[in-house]
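Q: Sending over a structure as structure tokens; questions will come in a sec.
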Amino acid sequence: MAPLVDAHCHLSWNCSLAPNALSSDHLRCVMSTNPNDWETLKKVEGVRKCFGVHPWYCHLFSFDENLDKRSHYAKVLEWKDDTEFESILSVLPEPVLLESYISQEFDPQIDAIGEIGLDKLFRLPQNGLYIKSSPLSRIRVSMSHQLAVFRRFCQLARTEGKPVSVHGVKCHGLLYDVCSQELMAYNINVCLHSVTASKETLKRWIKHYNKRIFFSLSQCINFKDPAAGRELVQMLPQECILTETDFPLDKYKNSELVQQLQYICGQIEIALDSSIDVPQLIYTNFCRYIESS
Ligand SMILES: [Zn+2]
């Protein structure tokens with residue numbers, strides 16, 4: 001029997017784990033989103049590992065070593081109220097030079113680049129970091145900075161021949177444009193995780209990316225309304241569907257995660273209305289996604 005596939009999951013901020021703590025019967029493709037979760041992930045065994053910077057953490061990275069902390073954050077953040085900016089500046093860490101981070105931490109053994117992407121709705125929490133519940137500020141990260149970080153990781157995927165796992169919120173047109181400029185001609189597989197794009201955008205991806213685009217479906221986003229989830233399944237090519245939890249593995253029991261993956265497979269089976277072996281289909285799709293070019 002094919003193993004269940006969690007094509008997009010996480011570790012929590014600053015979690016520390018024994019190297020074999022995450023081994024499981026199902027296949028786990030674990031994202032990194034910032035230097036803290038990467039520090040743990042790189043030591044973990046028995047999972048597929050991804051290297052990236054999530055748009056929610058991209059403000060922590062700088063392209064210019066000559067900028068001091070204040071100048072960096074003033075450049076990449078957008079705010080209206082100076083007091084709010086000052087208070088967030090006081091809690092934010094020194095920025096990290098993105099090129100140094102990549103050259104020191106990128107490991108050619110990793111399986112994919114992720115989680116990377118663009119998020120138009122994101123506002124910084126008042127503690128400056130998306131760690132644990134903190135009220136949201138009104139401060140945003142400029143789209144131009146998000147784009148620069150996203151493009152840099154697309155280029156890394158291209159030069160290293162790795163697939164990407166992508167987050168997109170309310171900027172699906174822009175996301176599509178960047179991927180078609182940076183990745184399409186280079187045969188890089190793209191996974192849109194918990195995708196929320198319009199039908200028109202999805203059709204565009206399917207038409208132009210052909211079998212190199214993958215859609216990883218989660219219970220909490222894509223099957224929040226099960227009927228809408230099944231409708232989405234029906235419009236996707238079968239060979240492009242993946243399953244995911246998008247959850248931090250260290251915060252949940254294995255059985256809870258398995259239950260979610262089984263639920264999604266069950267919904268896909270109903271949607272396809274056939275005797276198809278869904279876990280086998282998803283596993284085959286994942287192997288094609290991760291093997292890349
Ligand atoms: Zn994610």
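The values are calculated or read from the model by the stated rules, or taken from the named source; none is laboratory data. Because the structure is predicted, anything quoted here is derived from the model rather than measured. Here the Cβ is made from the backbone with ideal geometry for all residues, glycine too, and neighbour counts use every protein chain on show.
Q: Can you work out which of the residues in segment 136-162 that are modelled with pLDDT under 95 and surrounded by fewer than 16 Cβ atoms within 10 Å (Cβ to Cβ) is nearest to the ligand (Cβ to nearest atom)?
A: Across segment 136-162, the extreme among qualifying residues is Leu136.
Q: Please specify each residue of segment 12-34 satisfying the condition of being part of a loop (DSSP other than H, G, I, E, B) and either within 11 Å of the ligand (Cβ to nearest atom) or basic (Lys, Arg) (or both).
A: Correct list: Met31, Ser32, Thr33.
Q: Quick check on Asp82: is it surrounded by fewer than 21 Cβ atoms within 10 Å (Cβ to Cβ), closer than 28 Å to Cys220 by Cα and of a type outside the set (S, T, N, Q)?
A: Answer is no for this residue.
Q: Determine whether Phe215 is touching a Gly at 6+ places or on another chain (Cβ under 7 Å), more than 24 Å from Trp38 (Cβ to Cβ) and either assigned to a strand (DSSP E or B) or not basic (Lys, Arg) (or both).
A: No, not satisfied.
Q: Scan Gly46, Gly52 and give me the residue that is under 26 Å from Thr284 (Cα atoms), among the small types (Gly, Ala, Ser) and either within 16 Å of the ligand (Cβ to nearest atom) or under 13 Å from the mean Cα position of the chain (by Cα) (or both).
A: Of the residues listed, the single one that is under 26 Å from Thr284 (Cα atoms), among the small types (Gly, Ala, Ser) and either within 16 Å of the ligand (Cβ to nearest atom) or under 13 Å from the mean Cα position of the chain (by Cα) (or both) is Gly52.
Q: What is the residue count in segment 174-198 for residues that are modelled with pLDDT under 95, β-branched (Val, Ile, Thr) and surrounded by fewer than 23 Cβ atoms within 10 Å (Cβ to Cβ)?
A: 1
Q: Please state which one of Leu147, Leu136, Leu232 is without any contact (Cβ under 8 Å) to a residue 40 or more places away in the chain, under 30 Å from Ile88 (Cβ atoms) and more than 19 Å from the chain's Cα centre (by Cα).
A: The unique qualifying residue is Leu136.
Q: Here is a follow-up. Of all residues in segment 262-293, count the ones that are within 23 Å of Ile113 (Cβ to Cβ) and either in contact with an Asp or Glu (Cβ under 7 Å, 6 or more places away or on another chain) or buried (at least 19 other Cβ atoms within 10 Å of the Cβ) (or both).
A: 6
Q: Would it be correct to say that Ile206 is under 17 Å from the mean Cα position of the chain (by Cα) and outside any strand (DSSP E or B)?
A: The answer is no for Ile206.
Q: Among Ser165, Ser194, which is the only one that is at positive phi, among the small types (Gly, Ala, Ser) and within 16 Å of the ligand (Cβ to nearest atom)?
A: Just one listed residue meets the conditions, Ser194.
Q: Just to be sure before I move on: is Val5 in contact (Cβ under 8 Å) with a residue 24 or more places away in the chain, away from the ligand (no atom under 14 Å from the Cβ) and surrounded by 21 or more Cβ atoms within 10 Å (Cβ to Cβ) in the structure I sent?
A: Here the answer is yes, as Val5 does meet what is asked.
Q: Next question, about the same structure. Only one of these is touching a residue at least 60 places away in the same chain (Cβ under 8 Å) and surrounded by 16 or more Cβ atoms within 10 Å (Cβ to Cβ): His10, His72. Name it.
A: That would be His10, the only listed residue that is touching a residue at least 60 places away in the same chain (Cβ under 8 Å) and surrounded by 16 or more Cβ atoms within 10 Å (Cβ to Cβ).
Q: Quick check on segment 237-277: of everything there that is within 16 Å of the ligand (Cβ to nearest atom) and of a type in the set (A, V, I, L, M), which residue is nearest to Asn20 (Cα to Cα)?
A: Leu249
Q: Among the residues that make up segment 237-251, is at least one of them within 21 Å of Gly161 (Cα to Cα), of a type in the set (S, T, N, Q), modelled with pLDDT of 95 or more and touching a strand residue (DSSP E or B) at 6+ places or on another chain (Cβ under 8 Å)?
A: No, the conditions are met nowhere in segment 237-251.
Q: For segment 216-226, indicate whether the set of residues that are within 12 Å of Gly117 (Cβ to Cβ) and either surrounded by 14 or more Cβ atoms within 10 Å (Cβ to Cβ) or more than 16 Å from the ligand (Cβ to nearest atom) (or both) is non-empty.
A: Checked segment 216-226: no residue is within 12 Å of Gly117 (Cβ to Cβ) and either surrounded by 14 or more Cβ atoms within 10 Å (Cβ to Cβ) or more than 16 Å from the ligand (Cβ to nearest atom) (or both).
Q: Residue check: is Asn34 within 21 Å of the chain's Cα centre (by Cα) and either within 19 Å of Gln146 (Cα to Cα) or not aliphatic (A, V, I, L, M) (or both)?
A: Against the criterion (within 21 Å of the chain's Cα centre (by Cα) and either within 19 Å of Gln146 (Cα to Cα) or not aliphatic (A, V, I, L, M) (or both)), Asn34 qualifies.
Q: Follow-up question, since we're still on this one. Among Glu291, Glu182, Glu256, Glu239, which is the only one that is more than 26 Å from Thr33 (Cα to Cα) and without any contact (Cβ under 8 Å) to a residue 60 or more places away in the chain?
A: Glu239
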